[in-house]
Amino acid sequence: MASENFLVSASAASHVNKVRQKTVELVAGLSAEDLLVQSMPDASPGKWHLAHTTWFFEHFVLGDDPSYKTPDPAWHFLFNSYYQSIGPMHARPHRGLISRPSLQEVFEYRHRVDAGVIEMLSNDPSPELVELVELGLHHEQQHQELLLTDIKHALWCNPLMPAYRKGNAVAGSSAPLPLRFIAGREGIVEIGHRGDGFAFDSETPRHRTLLRPHALANRLVTNAEFLAFVREGGYREPGLWLSDGWATVQRDGWQRPMYWQDDLASEFTLAGVQAIQPHDPVSHLSYFEAEAFARWAGARLPTEAEWESAAHGLPIKGNFQDEQRFHPVAASGGDGMLQMYGDVWEWTASPYISYPGFQPLPGSLGEYNGKFMSGQWILRGGSCVTPRDHIRASYRNFFPPHARWQFAGLRLGQDQ
């Protein structure tokens, strides 16, 4: 799994510093109280993200180093996430109750573990160690994204709806870009990781699949387009929804995307409440909402194979975490497929299942992805809170179909 870019960087240690420091920068300006809040069972407190990513390096990288001493063995129980094979863990819905250790102790924990990892990398590390550290860094980047989505939900739950960063103004929309469909490849194609650079085990093995004649929209669905769905009664028409989706709409009282306000003219963002920009991509949709909208629009969601085939060969550029907008922006002019990377994760019509011949990582790390291949749906392309160097065409994100606190939207597809 070791990435060529990782190996030829100035040093593995500098890469560790860069990624780990980025996480600390993302919580700058947040209080200890902000970082303790757990606003729902699906989200985790910021302090837990800071500690869990550190525990990952401590357990999987430093675990066999006899010179390393953990600050407290009991933290293993607190900050393990779901690795059942290495012991019990604190219940996920109760992570907001972990008032001790303090935030300062968690930062000291990070410093201690980082020093240990960097020392190991300075002593002629084996390829296996380098691969393990890189997995840890990509795991860290996943949690950087979760930090932002989880704190957004927590601040939205606060009656004051405070901004994550007041200076982070949301960019205005440009003129609307016409929606058009572009024919995709058909016949037998290959998808999955090509073997150059890092990939998670679930992206492998590369394999052949059949694509029927189809076309994908040149850009993402916009707020204005989704507003039409809302105003025309999309949330009140059961015939548009999957059965489980309609049950969720009824049970939870959904009437609009998650962060839209009652006036349908403003939305909560990481910069606070802002006017909805009509041509920006609609975001924070569940799979159920994306699928219902596609049905209403006389289209469908792309399959993940169609998406990856369309993304093949395109440069990985777009509106990522690196731009620090932390909000989707409208598509600019251009030919071909636009917004394939960044802005919002794109729901696909594909369930999260294994590729033919899939083999999970050996040992406890085999729990990283494979055991979640049930009841989840694939998203592709990254979002405005995804680090640019974390994404690639073969990346398979996954969430349950009701999840809507992530920056997730959609691109339309159709049969030809």
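The values are calculated or read from the model by the stated rules, or taken from the named source; none is laboratory data. All values reported here derive from a predicted model rather than from experimental measurement. With ideal geometry, Cβ positions are generated from the backbone for all residues, glycine too; neighbour counts draw on all protein chains shown. Ligands, DNA and RNA are stripped out before the accessible areas are found, and what is left, the full protein with its side chains, is counted by its heavy atoms. Shrake-Rupley method; radii C 1.70, N 1.55, O 1.52, S 1.80 Å.
Looking only at residues that are open to solvent by less than 20 Å² (accessible area, probe 1.4 Å) and at positive phi in the stretch 261-291, which one is farthest from the chain's Cα centre (by Cα)?
Restricting to residues being open to solvent by less than 20 Å² (accessible area, probe 1.4 Å) and at positive phi, the top hit is 272.
How many residues does the stretch 394-415 hold that are within 15 Å of residue 203 (Cβ to Cβ) and either open to solvent by 30 Å² or more (accessible area, probe 1.4 Å) or outside any loop (DSSP other than H, G, I, E, B) (or both)?
Total meeting the criteria: 2.
Identify the single condition in (1) among the hydroxyl-bearing types (Ser, Thr, Tyr); (2) at pLDDT 95 or above; (3) more than 15 Å from the chain's Cα centre (by Cα) that residue 341 does not satisfy, given that it satisfies every other one.
Evaluating residue 341 over (1) among the hydroxyl-bearing types (Ser, Thr, Tyr); (2) at pLDDT 95 or above; (3) more than 15 Å from the chain's Cα centre (by Cα) leaves (3) as the failure.
Any chance you could count how many residues in the stretch 305-352 are touching a helix residue (DSSP H, G or I) at 6+ places or on another chain (Cβ under 7 Å) and charged (D, E, K, R)?
2
Tell me, please, whether a residue that is in contact (Cβ under 8 Å) with a residue 60 or more places away in the chain and within 30 Å of residue 312 (Cα to Cα) can be found in the stretch 152-163.
no
Out of the stretch 31-56, which residues are part of a loop (DSSP other than H, G, I, E, B) and either in contact (Cβ under 8 Å) with a residue 12 or more places away in the chain or under 15 Å from residue 148 (Cα atoms) (or both)?
31, 32, 37, 38, 39, 40, 41, 42, 43, 44, 45
Quick check on residue 412: is it touching a helix residue (DSSP H, G or I) at 6+ places or on another chain (Cβ under 9 Å), under 24 Å from residue 299 (Cα atoms) and without any contact (Cβ under 8 Å) to a residue 40 or more places away in the chain?
no
Please go through the stretch 121-154 and pick out each residue that is surrounded by fewer than 20 Cβ atoms within 10 Å (Cβ to Cβ) and closer than 14 Å to residue 14 by Cα.
121, 122, 130
Mind listing just one residue for me: the one in the stretch 57-108 that is in a helix (DSSP H, G or I) and touching a Ser or Thr at 6+ places or on another chain (Cβ under 7 Å) and, of those, surrounded by the fewest Cβ atoms within 10 Å (Cβ to Cβ)?
Looking at residues that are in a helix (DSSP H, G or I) and touching a Ser or Thr at 6+ places or on another chain (Cβ under 7 Å), I get 85.
Of everything in the stretch 297-340, what is among the polar types (S, T, N, Q) and either open to solvent by 30 Å² or more (accessible area, probe 1.4 Å) or outside any helix (DSSP H, G or I) (or both)? Give them in sequence order.
303, 319, 324, 332, 339 - these are the residues of the stretch 297-340 that are among the polar types (S, T, N, Q) and either open to solvent by 30 Å² or more (accessible area, probe 1.4 Å) or outside any helix (DSSP H, G or I) (or both).
Mind checking whether some residue in the stretch 262-270 is over 24 Å from residue 233 (Cα atoms), touching a residue at least 12 places away in the same chain (Cβ under 8 Å), polar (S, T, N, Q) and part of a helix (DSSP H, G or I)?
Looking for residues that are over 24 Å from residue 233 (Cα atoms), touching a residue at least 12 places away in the same chain (Cβ under 8 Å), polar (S, T, N, Q) and part of a helix (DSSP H, G or I), one finds none in the stretch 262-270, hence no.
I'm trying to understand the selection: among the residues of the stretch 234-260, which are part of a loop (DSSP other than H, G, I, E, B) and exposed (fewer than 14 other Cβ atoms within 10 Å of the Cβ)?
Once the filter is applied, which keeps residues that are part of a loop (DSSP other than H, G, I, E, B) and exposed (fewer than 14 other Cβ atoms within 10 Å of the Cβ), the stretch 234-260 yields 253, 255.
Residues that are under 18 Å from residue 222 (Cα atoms) and under 16 Å from the mean Cα position of the chain (by Cα): does the stretch 363-377 have at least one?
No, every residue in the stretch 363-377 fails to be under 18 Å from residue 222 (Cα atoms) and under 16 Å from the mean Cα position of the chain (by Cα).
Those residues that are without any contact (Cβ under 8 Å) to a residue 24 or more places away in the chain and farther than 14 Å from residue 387 by Cβ, I need them from the stretch 12-30; list them, please.
Residues satisfying the conditions are 14, 28.
Only residues in the stretch 376-389 that are open to solvent by 10 Å² or more (accessible area, probe 1.4 Å) count as the first member; pair them with residues that are in a loop (DSSP other than H, G, I, E, B), Cβ under 7 angstrom, at least 6 apart or cross-chain, and list the lot.
Correct list of pairs: 376/352; 376/400; 377/352; 377/401; 388/316; 388/320.
Is there a residue in the stretch 8-25 that is assigned to a loop (DSSP other than H, G, I, E, B), modelled with pLDDT of 95 or more, within 18 Å of residue 104 (Cα to Cα) and open to solvent by less than 30 Å² (accessible area, probe 1.4 Å)?
Within the stretch 8-25 (the criterion being assigned to a loop (DSSP other than H, G, I, E, B), modelled with pLDDT of 95 or more, within 18 Å of residue 104 (Cα to Cα) and open to solvent by less than 30 Å² (accessible area, probe 1.4 Å)), the answer is no, since none of the residues qualifies.
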